[in-house]
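Colleague: First the structure, which I've put down as structure tokens, then a few questions once you've had a look.
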Amino acid sequence: MSTTTAVIYARVSSIGDRQNTDRQVSDLLDYVKYQNLEISKIYEEHISGAKKNTERPVLQEAIEYCKSNHISILLVSELSRLERNAFEVLATVKDLIDSGINLYMQKEQLTLLDADSKPTMFAPIMIATLSTCAQLERENIKFRLNSGRKLYIERGGKLGRKVGSVKTIEQKREEYRDIISYLKRGYSVRNVAKLTSRGISTVQRIKTEFNI
């Protein structure tokens, strides 16, 4: 009897130490043990769920690994770990279906394919509904944040650092942790700027300051 191979993909939005993927990975490993799956690889990514598929290198690497190595199932803690944009979610799901790769979402207790590797009857409907709800939630959060900033400024508040303040090297290391990580992995300045939504001049400055 062949063993079902699986890959775990975990994601958090924060680049710093405020968030980590430990809980997601631990919970999914419990599922792996319960289902007697064979873990082939674990992928962890620190990047905003608002990023497009093409701007999330670890997710793309995980999916390509599944395709190249004939992995049976990709495991995520919840659907929003893949994407928060409904259209991006559906594009990812279609890619997985076309490649015969199952998807398990732990929070929703939902799998994409049945025992015959065919899309389950309610999976497309559930995924479309859940991804739309996730996108609406993100848009509501963004609206509240922007509204709060606007009110703060209207009442005389000022955003940004105080005039004359200077960041320490450790503060810069933390703030630009994503840039530093991509540069150390060999990405070009232009690509890092695109992936992190930062200016090319900022990326170049960090590259020079940290001698990467």
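The values are calculated or read from the model by the stated rules, or taken from the named source; none is laboratory data. Small disclaimer: the values here were computed from a predicted structure and weren't measured. Using ideal geometry, Cβ is built from the backbone for each residue, glycine included, and neighbour counts are taken over all protein chains shown. Protein only, heavy atoms only, side chains kept; ligands, DNA and RNA dropped before computing areas. Shrake-Rupley method; radii C 1.70, N 1.55, O 1.52, S 1.80 Å.
Colleague: Can you find a residue in the stretch 20-32 that is under 12 Å from the mean Cα position of the chain (by Cα), at pLDDT below 95, of a type in the set (A, V, I, L, M) and within 21 Å of Arg177 (Cβ to Cβ)?
Modeller: Looking for residues that are under 12 Å from the mean Cα position of the chain (by Cα), at pLDDT below 95, of a type in the set (A, V, I, L, M) and within 21 Å of Arg177 (Cβ to Cβ), one finds none in the stretch 20-32, hence no.
Colleague: Let me ask something additional. Quick check, is Val25 open to solvent by less than 60 Å² (accessible area, probe 1.4 Å), without any contact (Cβ under 8 Å) to a residue 24 or more places away in the chain and in contact with a Ser or Thr (Cβ under 9 Å, 6 or more places away or on another chain)? Walk me through it before giving the result.
Modeller: Working: open to solvent by less than 60 Å² (accessible area, probe 1.4 Å): yes; without any contact (Cβ under 8 Å) to a residue 24 or more places away in the chain: yes; in contact with a Ser or Thr (Cβ under 9 Å, 6 or more places away or on another chain): yes.
So Val25 passes the test.
Colleague: Given the criterion at pLDDT 90 or above and acidic (Asp, Glu), identify the matching residue among Glu61, Glu108.
Modeller: Details: Glu108 fails: at pLDDT 90 or above.
From the options Glu61, Glu108, the qualifying one is Glu61.
Results for (1) under 18 Å from the mean Cα position of the chain (by Cα); (2) closer than 15 Å to Thr5 by Cβ, shown as yes or no for each residue.
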position: Lys67; (1), (2): no, yes
position: Ile71; (1), (2): no, yes
position: Phe87; (1), (2): yes, no
position: Ile97; (1), (2): no, no
position: Tyr104; (1), (2): yes, yes
position: Glu108; (1), (2): yes, no
position: Ala115; (1), (2): no, no
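Colleague: Select the strands (runs of 3 or more DSSP E) contained entirely in the stretch 28-125, then report the ones holding at least 1 residues which are open to solvent by less than 60 Å² (accessible area, probe 1.4 Å), aromatic (Phe, Trp, Tyr) and more than 30 Å from Tyr187 (Cα to Cα).
Modeller: Working: elements: 38-46, 73-76, 102-105.
Counting at least 1 such residues, we get 102-105.
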